[in-house]
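Laboratory data are not the source of any read-out in this text; all were calculated from the coordinates shown. Please read these numbers as outputs of a predicted model, since none were measured by experiment. Positions of Cβ are backbone-derived with ideal geometry, glycine not excepted, and every protein chain shown enters the neighbour counts.
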Amino acid sequence: MSKKMNPLFVLAALLFTVTLLVPSILVLPFMEEKASGKLGEEIKPASPASKPADAGPSADSAVEVAVYRTAQSKLEKLPLDQYLVGVVAAEMPADFELEALKAQALTARTYYVKQISGAEKTKLPQGAQVLDTDAYQVFLNNQELKKQWGADYNWKVKKITEAVKATDGQILTYDGAPIEATFFSTSNGYTENSEDYWPNSFPYLRSVESPWDLQSPKYTNQTVMSVAEFQNKLGVKLSGESEPGKIIERTDGNRVGKIQIGGKTLTGKEVRDALGLKSSDFTWILKGNNIVINTKGFGHGVGMSQYGANGMAAEGKTYKEIVQHYYKGVEIASAENTLTKVTAKK
C-alpha cells in the first residue's frame, strides 16, 4: 500500500511548493522594476525630476506649469518639478554647493506660488502663468539644457534634481503668505532694503551682511564710456570736474541712494538703469573724454545673494539657514493647499 500512496504524496507536495512560489514569481519583476527606476522612466521618459518609486508621490509633480517660451512664441506645459529644475539650472551654476541649489529651488517654487496665487497678475499671453525670461524666472527645458551642458548634462541635472526633490512642496512664507522671494547674483557685502531700490517695503527684505560675496568673480566690474554718451544717457551736462557728481545719500546696503549730477538729483537705481551698470554701488572719475565707472556687486541687491548663499553652504550652512539669513522672519511652510487648489482648477 505504501508504494501506491507514494506518487500521490509526491504530487501533493509538488503542488504545495508551486503554490508558495507563484506569488513570489509574479511579484519579483515589479520589485526589480521599481528598484531600478525603469517603471518611472517608462511613464515619464523626459522627467529629470522624477522621484524614486519608494520615495512616494511628489507634491510638485502633481501640478502643471504653463510657461510661455518667448523666443518660440509658444506655450509649454510641464510638471512643476521639471519646471523648477529648468529654472534652477538657468538661474544658478550647477557646480554651486548642493545646499545653495536647494535654497534656489525654494525661492523658485515660492516665486511660482506667489505668482499663481496673487490677486494682481501681470498681463500674460493666453493660458500662460509665467514667462521664461528674467522678468519672471529664466527657464530652460530639458533639450536646451542638454545642448548647453553637453557632456556635463547627466551630473548637472542629477544634482539640481536632487535639490528640487529635497525641497518638494516647500515655500517661504511671512505671516502665512508666500513672500516676494527676490534674489540676485552678488552683493557689495550687504543686501538692500526693498524700499531703497523699489517702491514697496517688505519686512522680510531687510539689509543684511553678506561677506561671502567678496570672493565672487562678479564682485567688481569696470565700465568705460565717453563723456558724450554719459551725458546723453543721464540727460545732464557735466561741468568738467574730475569727479562728475556728488553722492548725497547712501542706503543701508551702502549703495548710492541719491546723487547730484549736472544740476540733477538722481537715485542710484536710476543711474544704474540709465547707464546699464552691474550695481547701484558705483564710483566714477573723468579721464580725458571718458568716464571710468567702477561698481561693486552684481544685481539689484534685494533678497538672497546667490554667491553669498554658495559661500554659506561651503561653510556648512543648510538651505534653511541660508534663506532665513537673507529673508528675515520667514518660515518654511508647505504649499500643498495652494498647489491643490491650482490642480483642482484644471
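Values as computed for the structure displayed
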quantity: Estimated FRET transfer efficiency (residue 177, residue 226; beta-carbon r; R0 41 Å; 0.05); calculated: 0.30
quantity: Overall dimensions of segment 220-296 by Cα: Rg and Dmax, Å; calculated: 11.2, 33
quantity: Projected label distance in nm at residue 98 and residue 336, using a 7 Å step from Cα toward the beta-carbon; calculated: 2.5 nm
quantity: Per residue Cα convex hull volume in Å³ - calculated over segment 125-202; calculated: 185 Å³
quantity: ³J(HN,Hα), Karplus 6.51/-1.76/1.60, whole Hz, each residue of segment 195-208, x for Gly, Pro; calculated: 6, 7, 10, 10, x, 8, 9, 10, x, 9, 9, 10, 5, 10
quantity: Charge context of residue 316, other residues only, Cβ under 10 angstrom, K/R +1, D/E -1; calculated: -3
quantity: Amide proton proximity set for residue 66, modelled H, under 5 Å, gap of 5+; calculated: 129, 130
quantity: Two-site FRET efficiency, residue 155 against residue 209, from Cβ-Cβ distance with R₀ of 35 Å, rounded to 0.05; calculated: 0.60
quantity: Where only C-alpha atoms are counted, convex hull volume of segment 150-298 per residue in Å³; calculated: 157 Å³
quantity: Relative contact order (%) - segment 220-296, alpha-carbon pairs under 8 angstrom, separation at least six; calculated: 37 percent
quantity: Relative exposure of 168, 81, judged by other C-beta atoms within 10 Å (fewest first); calculated: 168, 81
quantity: Residue 115-residue 146 pseudo-label distance in nm [points 7 Å out on the Cα-to-Cβ vector]; calculated: 2.4 nm
